[in-house]
Structure formats: C-alpha cells, structure tokens
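The values are calculated or read from the model by the stated rules, or taken from the named source; none is laboratory data. Treat the numbers as computed from the prediction; the structure is a model and nothing was measured. Reconstructed Cβ throughout: ideal geometry from the backbone, glycine too, with neighbour counts over all protein chains shown.
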Amino acid sequence: MTRERRYAGGDAVVDPGARVPRWRLVQPTAVAWLTLVWLVLWRELSWWNLLSGVVVGTLVSLVFPLPRLRMRLRVRPGALLWLAVKFHVDLVLASWQVTKRTLSRRPLVNAVIKVPLRTSSDFVLTLTAEMVSLVPGSVVVEASRAEHTLYIHVLDAPDEAAADRARRNVLAQEARLVRALGADTAPVEREPDGIPLTPTDRPTGGPR
C-alpha cells in the first residue's frame with residue numbers, strides 16, 4: 001500500500017515504501033454514494049437499510065479501496081439553475097425533433113462524431129457524457145479518459161454542418177457544467193465556434 005505526502009504546492013509525492021492503515025482508505029464521500037446505491041436497490045428508506053448501507057459501503061471501501069477523490073467544486077446557484085433549465089428544454093426539443101424525424105419519410109443518415117473536450121476534469125467528462133446521452137437523438141458510444149474525448153452517435157447528421165452543430169451542443173453543455181460547478185479545471189468562458197469537422201467523423205446508415 002502506498003502513501004501520499006501532500007505539500008503546500010498541491011502536488012503529491014508517493015512514498016512506495018510507506019504503509020497506511022486500512023481505515024484511512026475509507027472515504028466518506030464514496031461510502032455515502034455506495035449507501036445511496038444500496039437504498040435504491042432495496043427501494044425502501046428505513047433505519048435498518050440506511051445502517052446496513054453504511055456498513056456495506058465501508059466494507060467495500062476497505063476491501064476494494066478506491067482512488068481518493070479530489071474535486072474542488074464552487075457551486076454557482078445562477079449558473080446551476082440555468083444548467084437545469086437548459087437541460088430540460090433540450091430534452092423537450094430533442095424529443096420533438098426525434099419524433100418528427102422518425103415519422104418523416106426522409107431516410108436517416110446517422111453519424112459518429114469525435115468531440116475533444118476543452119477541460120481536463122474527469123468529473124466534467126463523466127457528467128457531460130451522461131447529460132449528452134440522456135438527451136434523445138445522441139448517445140455516447142465511447143469516452144476516452146486519456147484524451148478527454150467523447151465519441152457520440154448522432155441521429156440524422158447527413159453532412160458536416162449537422163455534425164458541427166452536434167459538436168457545438170456538446171461543448172456548450174461542457175461549458176455550462178464548468179460555469180455551474182466550477183469543477184477543478186480552468187473555466188470555459190466562451191461558447192465554441194469555428195469547430196472543424198475531424199477525419200474521425202463518419203456517417204452510419206439507419207436510425208439509432
């Protein structure tokens with residue numbers, strides 16, 4: 001087991017020969033999330049389920065220790081409200097567009113597009129991928145943590161202009177997340193513009 005030594009500069013130096021007690025591997029945040037998952041699985045909120053969830057979460061953290069979470073979040077209420085409103089508006093509009101395109105007789109030409117994100121936060125990468133997949137008409141087929149890149153299947157993207165619009169929407173979603181949560185990365189101040197089509201964008205046949 002390794003131990004990290006943290007200095008004023010914020011960088012961690014790993015001492016390979018040092019050992020840490022098992023109990024220090026337990027992260028309250030991870031235990032809380034595991035307890036929530038436990039309650040969802042049981043579908044009943046009770047003191048017994050809550051206590052057993054904490055016990056199970058603690059045991060899981062001890063047996064399968066997770067990497068320590070390091071997130072510096074600065075929640076901005078106004079930006080968070082706009083994030084929620086815009087997301088729900090996108091859900092409604094995308095549902096209508098998917099319904100209209102499905103009922104039309106025009107053949108659908110789908111595409112898989114590559115979207116390199118502009119931040120280096122795994123937290124933002126995960127949230128962006130989840131929110132994009134929840135909007136009808138798009139689904140993340142691959143997320144590269146090493147490159148911080150999303151590969152997204154887009155419904156009805158027959159040309160470069162449509163693929164470019166889809167990429168702009170993803171980057172705009174990323175920007176709203178950064179503004180709302182101030183995640184541990186440099187803020188994105190401007191909406192994306194002039195994003196060229198990359199060679200990895202490729203059309204696919206048939207509806208999603």
| note | For the range 105-150, the count of residues that are assigned to a helix (DSSP H, G or I) and either of a type in the set (Ser, Thr, Tyr) or closer than 21 Å to residue 182 by Cβ (or both) equals 12
| Considering only residues of the range 83-109 that are small (Gly, Ala, Ser) and under 18 Å from residue 166 (Cα atoms), which is surrounded by the most Cβ atoms within 10 Å (Cβ to Cβ)? | 94
| said: Being at pLDDT 90 or above and either touching a Pro at 6+ places or on another chain (Cβ under 7 Å) or not assigned by TED's automatic domain parsing to the domain that holds residue 178 (or both) is the requirement here; does residue 133 meet it? | reply: no
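For every residue, the table says whether it meets (1) in contact with an Asp or Glu (Cβ under 9 Å, 6 or more places away or on another chain); (2) closer than 29 Å to residue 137 by Cβ; (3) not basic (Lys, Arg).
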position: 39; (1), (2), (3): no, no, yes
position: 55; (1), (2), (3): no, no, yes
position: 61; (1), (2), (3): no, no, yes
position: 80; (1), (2), (3): no, yes, yes
position: 85; (1), (2), (3): no, yes, yes
position: 96; (1), (2), (3): no, yes, yes
position: 109; (1), (2), (3): yes, yes, yes
position: 114; (1), (2), (3): yes, yes, no
| field | Out of 208, 176, sole residue that is modelled with pLDDT of 90 or more and surrounded by 13 or more Cβ atoms within 10 Å (Cβ to Cβ) | value | 176
| Would a scan of the range 72-82 turn up a residue that is touching a helix residue (DSSP H, G or I) at 6+ places or on another chain (Cβ under 6 Å), surrounded by 12 or more Cβ atoms within 10 Å (Cβ to Cβ) and under 14 Å from residue 169 (Cβ atoms)? | no
